[in-house]
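Let me begin by presenting the structure, written as structure tokens, before commenting on it.
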Amino acid sequence: MAATPLLELRGIDKSFGPVQVLHDVGMSVYPGEVTALVGDNGAGKSTLVKCISGIYTIDAGTVLFDGRTVTVNSPRDAADLGIEVVYQDLALCDNLDIVQNMFLGREQKRGIVLDEPTMEQMAAETLASLSVRTVKSLRQLVASLSGGQRQTVAIAKAVLWNSKVVILDEPTAALGVAQTAQVLELVRRLADNGLGVALISHNMNEVFAVSDRIAALYLGRMAAEVKTSDVTHAQVVELITGGRSGNLGLPPEGPTDFADFMPGGQL
Ligand SMILES: Nc1ncnc2c1ncn2[C@@H]1O[C@H](COP(=O)(O)OP(=O)(O)OP(=O)(O)O)[C@@H](O)[C@H]1O
Ligand SMILES: [Mg+2]
């Protein structure tokens, strides 16, 4: 692939106090593609996303956006670049309607009053551009939406701001079969519209259904970045659970660990 990644991470380290959670992590997200970020519970996926989005400050490493080195020190910096994140815990307000949620914190004003017609129109256009048809009224409270519809609103909110990279942290974790299919279709559409999409998922079927590339984190290290068409489910599961699969992934452990399995070895 000759394309420049929209987002490229190199050598990212992140510790919380004495605990190093990310070690020398590299990852690329390409325009027009879905990159699945996989890894076991606690592998560091959400932490990596929060580093990209400026919620956490990285200890070391480089972030390149469209080939340029950038500094992301706050969610505002990330948003200014066109990086939007849909978090695991959705951060929508139940007591507000769809339009209010989509513009929360970035309300459009005309003079000193809110410009409701413009916001409503922008929300409608964004949902239409994503071919979202299941939402009945834009003035419906988010509390009254299904899980899938909430995800749809959260994703629409993320693309409302001319975003170039959208990162989704387990958008289908709490959804039923039909709603999952809807959200995955939407994820695919974002990439087909030219965005770079990173999708965190634990579901192999979904990863294989929707992704172009797979990045596998293992204990805070990037075990492998592969094209989805080059690997099998079983290989990806091995990368997730052991950090390697055949000649893919992290190098084998040194001989000192091998001694653990020898008669008389420690442990
Ligand atoms: N704010 C924090 N302070 C201390 N440790 C943290 C913090 N956030 C995450 N960790 C630790 O970092 C590791 C990675 O956590 P993270 O949430 O990134 O995992 P994850 O890959 O997203 O897992 P999951 O699939 O369960 O969502 C875990 O061991 C976690 O306990
Ligand atoms: Mg997580």
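No value in this document is a laboratory result; all are computed from the given coordinates. As the structure is a prediction and not an experimental result, all values here were calculated from the model. Virtual Cβ from ideal backbone geometry, glycine too; neighbours counted across all protein chains shown.
For the peptides 54-60, 110-116, residues were scored by their other Cβ atoms within 10 Å and the scores averaged per peptide; the highest-first order is 54-60, 110-116.
Computed from label points 7 Å out along Cα-Cβ, the spacing between residue 121 and residue 66 is 2.7 nm. The gain in end-to-end length when the residue 91 to residue 109 segment is fully stretched comes to 4.2 nm, 0.36 nm per residue minus the alpha carbon separation.
The value of relative contact order for region 63-137, using C-alpha pairs under 8 Å at least six residues apart, is 14 percent. Choose one of 194, 137, 19: the residue whose Cα lies farthest towards the positive end of the charge dipole of the chain (beta-carbon charges +1 Lys, Arg; -1 Asp, Glu; about the Cα centre). Farthest towards the positive pole: 137. Dipole magnitude for region 73-189: computed about the Cα centre from +1 point charges on Lys and Arg Cβ and -1 point charges on Asp and Glu Cβ, it is near 260 debye.
Of all DSSP bridge pairs formed entirely within the chain, close to 60 percent run antiparallel. Computed from label points 7 Å out along Cα-Cβ, the spacing between residue 192 and residue 205 is 2.1 nm.
Our note on the geometry: Cα centres of region 28-89 and region 1-25, 9 Å apart. For region 1-46, the relative contact order works out to 34 percent when only alpha carbon pairs closer than 8 Å and six or more residues apart are counted. Stretched out straight at 0.36 nm per residue, the stretch from residue 77 to residue 57 would grow longer than its current Cα-Cα span by 6.0 nm.
Could you give the nm distance between label points at residue 232 and residue 141, where each point is 7 Å from its Cα heading toward the beta carbon? Each label point is offset 7 Å from its Cα along the Cβ direction, giving 5.2 nm. Applying a threshold of 26 Å to the alpha-carbon distances of 157/227; 136/164; 50/136; 45/136; 45/157; 50/157 flags 157/227; 136/164; 50/136; 45/136 as lying beyond it.
Classify region 132-195 as rounded, prolate or oblate, taking a ≥ b ≥ c as the square roots of the eigenvalues of its Cα gyration tensor: rounded when a/c is under 1.5, otherwise prolate if a/b is larger than b/c and oblate if not. Oblate. Taken about its Cα centre, region 16-134 carries a charge dipole of roughly 140 debye when the Cβ of each Lys and Arg holds +1 and the Cβ of each Asp and Glu holds -1.
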